[in-house]
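**Student:** Before I ask anything, here is the structure I am working with.
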Amino acid sequence: MYARITATAAAFIVALACAGGVGEAHAQPAQRYNWSGIYIGIHGGAAWSDVNWQTTVAGVPSDQSSDATNALLGGQAGFNWQIGTLVIGLEADISKTRAREGATCPNPAFTCFSQLDTLASVRARLGTTALAHHVLLYVTGGWGFADYTFEALPTAGGFHRTKSFEGWSVGAGGEMAIAGHFSLRAEYLAYIFDAAHEAAGNTSATSRPTVNVARIGLNYRF
């Protein structure tokens with residue numbers, strides 16, 4: 001699954017870069033685009049959530065996992081500083097989704113659900129405009145955050161709780177200036193979170209989610 005996600009995101013980025021290269025070859029704008037400055041924007045795409053957890057009841061371990069996919073929407077804000085063809089930046093973003101999936105609990109009388117609700121990150125970006133002055137290709141990485149809801153249903157005898165995870169976010173993308181202060185981007189991000197451990201009575205659980213995101217966005221640069 002992750003190979004398909006990566007291939008799709010890569011296709012978006014390559015297509016964006018090729019479109020920019022063709023435009024550069026056929027029409028030279030009167031003024032070269034400068035990526036420096038503050039920007040804000042919106043994005044949309046898809047999130048793939050994979051949660052693996054190990055539950056131990058009275059000393060007996062069991063492994064469960066759930067995979068979920070859903071659309072996501074969000075916004076971003078950041079700052080770029082351009083030096084020649086090198087662009088250095090910092091970006092913060094937040095996305096909302098409802099990627100939900102269930103699996104059989106250690107007690108088969110219940111179904112355990114995991115639901116990804118919120119994703120966020122604060123990342124550094126390093127890019128180049130060597131291909132074309134109005135096309136920025138970049139890699140990115142930094143802090144990642146996610147909010148999950150965990151449930152065991154039916155509610156009677158089950159549970160409902162929310163859990164926050166922190167970790168790393170890494171990815172790559174391409175962005176092209178399209179008109180005035182606007183630019184269009186395509187981006188792939190992977191979120192790798194630290195494991196969380198909980199215990200109550202003779203039961204303990206360790207969960208560790210990973211999330212993959214492919215998205216497109218529109219930015220306005222001030």
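**Student:** In percent, how large is the relative contact order of the stretch 91-156, given Cα pairs closer than 8 Å and 6 or more residues apart?
**Tutor:** Value for the stretch 91-156: 35 percent.
**Student:** Using a simple spin-label model with points 7 Å from Cα along the Cα→Cβ vector, what separation in nm is obtained for residue 104 and residue 85?
**Tutor:** 5.8
**Student:** Can you list the residues, at least 5 places off or on another chain, whose amide H is less than 5 Å from the amide H of residue 110, using H built in the peptide plane?
**Tutor:** The answer is 105.
**Student:** Starting from 0.36 nm per residue, how many nanometres of slack lie between residue 182 and residue 222 once their C-alpha separation is accounted for?
**Tutor:** Working: separation 40, 0.36 × 40 = 14.40 nm, distance 0.93 nm.
Once the chain is fully extended between residue 182 and residue 222, it gains 13.5 nm.
**Student:** Further question: Tell me, what is the per residue accessible area of the stretch 89-153 in Å², probe radius 1.4 Å? Please report the intermediate quantities before stating the final value.
**Tutor:** Numbers: 2420 Å² over 65 residues.
For the stretch 89-153, the per-residue accessible area is 37 Å².
The values are calculated or read from the model by the stated rules, or taken from the named source; none is laboratory data. Computed from a prediction, not measured in an experiment: that's the story for all the values here. Positions of Cβ are generated from backbone atoms using ideal geometry, with glycine treated the same way; all protein chains shown enter the neighbour counts. For the accessible areas, the whole protein counts, side chains as well, though only heavy atoms, and no ligand, DNA or RNA atoms are used. Shrake-Rupley method; radii C 1.70, N 1.55, O 1.52, S 1.80 Å.
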